[in-house]
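Inspection log for the structure reproduced underneath, given as structure tokens.
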Amino acid sequence: MVICFGVFIVLSVQAVLAGFPSTPFTDAGLIWLVGTELVLAAAALLFLQARGFAVGTLLPEPTARGFLLGIALFFAAWVAGVLVTAPFLQGAPEQPYQGMITEARLSGPTIVLFAMVNGTFEEIFLLGVLVRGLRGFGLSVAVAVPLLVRVLYHLYQGPVGTLWVLAFGLVFTASYLRTTTLWPPVFAHILWDIVPFS
């Protein structure tokens, strides 16, 4: 997880320490993230393969049923996010993630490319590697550690944004634990990365 998320956790903590500077999403920034995630994914997969991990089992397999489950999972995570964050939004100042989205100047192809790479990257390594790998330590560890990692690298979104990430991360994790299928959470995450910019 250090390979995949270490740099993003450091950047996220730096954003918190700097007082959540307003940095809207840009095409160049998202392309940088795509490139970085692809390089980190290659390094992590080589590391896992060298340690005897069945890397081939991490490939999400799109199916018609998986698409439908992914759409349902997207809405379930959205509802969970709304329920968890609603009490904290009344009277609260604008959260960093709100400005990042409303001020974003992104092209459609960049959003789609980013969503496909980012959603696949995060769910493969958080669910397919970390949740699966930690099952031997008990269910609470297999759920808590990936959620902690997910929250730490989204701290830059501010307190409410981080709560939202925690809520949808919990929904995705529960779905994966029940089905052990990666495509529905990957597709739900892809939708999650596209819809706010639509």
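Structural remarks
- Verdict on residue 47 being touching a helix residue (DSSP H, G or I) at 6+ places or on another chain (Cβ under 7 Å), crowded, with 17+ Cβ neighbours inside 10 Å and among the aromatic types (Phe, Trp, Tyr): no
- Whether a residue is within 21 Å of the chain's Cα centre (by Cα), farther than 22 Å from residue 166 by Cα and either at pLDDT below 95 or of a type in the set (Gly, Ala, Ser) (or both) was assessed, and residue 45 does not pass this test.
- Of all residues in region 58-69, those satisfying the criterion of being under 18 Å from residue 117 (Cβ atoms) and either surrounded by fewer than 17 Cβ atoms within 10 Å (Cβ to Cβ) or free of Cβ contacts under 8 Å to residues at least 60 places away in the same chain (or both) are 59, 61, 62.
- Residue 55 vs. criteria free of Cβ contacts under 8 Å to residues at least 40 places away in the same chain, among the β-branched types (Val, Ile, Thr) and surrounded by fewer than 12 Cβ atoms within 10 Å (Cβ to Cβ): no
- Extreme residue, farthest from residue 126 (Cα to Cα), among residues of region 9-52 that are in contact (Cβ under 8 Å) with a residue 24 or more places away in the chain, among the small types (Gly, Ala, Ser) and assigned to a helix (DSSP H, G or I): 15
- Helices (runs of 4 or more DSSP H) (entirely within region 81-179) containing at least 3 residues that are among the β-branched types (Val, Ile, Thr) and more than 14 Å from residue 193 (Cβ to Cβ): 139-152, 158-179
- Any hit, region 133-144, residues being crowded, with 22+ Cβ neighbours inside 10 Å and hydroxyl-bearing (Ser, Thr, Tyr): no
The values are calculated or read from the model by the stated rules, or taken from the named source; none is laboratory data. Note that this is a predicted model, so its numbers are computed, not measured. Cβ atoms come from the backbone with ideal geometry, glycine included; neighbour counts cover every protein chain shown.
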